[in-house]
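Data block below; observations after.
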Amino acid sequence: MNKELANWIFWEDEDNYYCFECIEKRMEEINTNKEFSEDIDYDNGDECGYYQDYANEDYAVVCCKCGKPLFSTGVDS
């Protein structure tokens, strides 16, 4: 089974990992609703972004939206 790298958002809970398709949808939602506005200066053109890498967990990681398996260093390395 092919696994994608995990994607996550700095201001969300640490265990919210997303696949690429779901993180794209979540980014659109966050930037449209101007979530985390105490940390992101939307008025000056900033937008929320995300990180992409191996999840550094010792358990199997899945996308929190669709359940797709994602790479996790504790399981897949």
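The values are calculated or read from the model by the stated rules, or taken from the named source; none is laboratory data. Keep in mind the model is a prediction, meaning the values are calculated, not measured. Cβ placement follows ideal geometry from the backbone for every residue including glycine, while neighbour counts extend to all protein chains displayed. The protein model used for the area step is the full one, side chains on, heavy atoms only, and it has no ligands, DNA or RNA in it. Shrake-Rupley method; radii C 1.70, N 1.55, O 1.52, S 1.80 Å.
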Residue list for region 57-77, restricted to those being of a type outside the set (D, E, K, R), surrounded by 13 or more Cβ atoms within 10 Å (Cβ to Cβ) and farther than 13 Å from Phe20 by Cα: Ala60, Val61, Ser72, Thr73, Gly74, Val75
Positions within region 5-18 being touching a residue at least 24 places away in the same chain (Cβ under 8 Å) and open to solvent by less than 50 Å² (accessible area, probe 1.4 Å), in sequence order: Ala6, Asn7, Ile9, Asn16, Tyr17, Tyr18
Matching residues in region 18-40 - criterion: being more than 12 Å from Ala6 (Cβ to Cβ) and assigned to a loop (DSSP other than H, G, I, E, B): Lys34, Glu35, Phe36, Ser37, Glu38, Asp39, Ile40
Of all residues in region 41-51 being in a loop (DSSP other than H, G, I, E, B) and touching a residue at least 12 places away in the same chain (Cβ under 8 Å), the one that is surrounded by the most Cβ atoms within 10 Å (Cβ to Cβ): Cys48
Number of the exception - Met27 against (1) open to solvent by less than 40 Å² (accessible area, probe 1.4 Å); (2) closer than 26 Å to Asp76 by Cα; (3) not hydroxyl-bearing (Ser, Thr, Tyr): (2)
